[in-house]
Amino acid sequence: SGHATLVLGGEIVEGKPTTPGEIRGTSIKGGERRELSGGDMVHISPNVPHQLLLKPGEQFTYAIVKIDAQ
């Protein structure tokens, strides 16, 4: 439920490995923005940078299914 903006692709800013196969950074430079709302489904391919952005005061409820590519 709610609304958010998903940023896909681009480059991770100040990226650092946090766990095996995972890099986290402060933001994403570039990338494509997509507006999300309740009921939307998104597939994010492995190794594609992504970030979820919320406007101040907004809430977004979502579920994640992550499958390790091993």
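The values are calculated or read from the model by the stated rules, or taken from the named source; none is laboratory data. Since the structure is predicted, the reported quantities are computational estimates derived from the model, not experimental observations. When we count neighbours, we look across all protein chains shown, and the Cβ atoms used for this are built from the backbone with ideal geometry, even at glycine. These area figures cover heavy atoms from the full protein model, side chains too; ligands, DNA and RNA do not enter into them. Shrake-Rupley method; radii C 1.70, N 1.55, O 1.52, S 1.80 Å.
One table, with the values for the structure above:
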read-out: Inter-label distance for Ile67 and Val42, nm, one decimal - labels placed 7 Å from Cα along Cα-to-Cβ; value: 1.9 nm
read-out: Heavy-atom accessible surface of the chain: percent carbon and sulfur, 1.4 Å; value: 52 percent
read-out: Rg/Rh for the range 1-46, where both radii come from Cα atoms and Rh is the Kirkwood radius; value: 1.02
read-out: Longest site-free stretch - the chain; sites: GluC sites (Glu not before Pro), DSSP loop, at most 12 other Cβ within 10 Å; value: 15-57
read-out: Accessible area per residue in Å² at 1.4 Å probe, computed on the chain; value: 85 Å²
read-out: In nm, spacing of pseudo-spin labels at Thr18 and Glu32 (7 Å Cα→C-beta vector); value: 2.5 nm
read-out: Summed residue charge, Cβ within 13 Å of Val42's Cβ, Lys/Arg positive, Asp/Glu negative; value: 0
read-out: Label-reachable residues, the range 47-70, where backbone N falls under 17 Å from a point 7 Å from Thr5's Cα toward its Cβ; value: 50-60
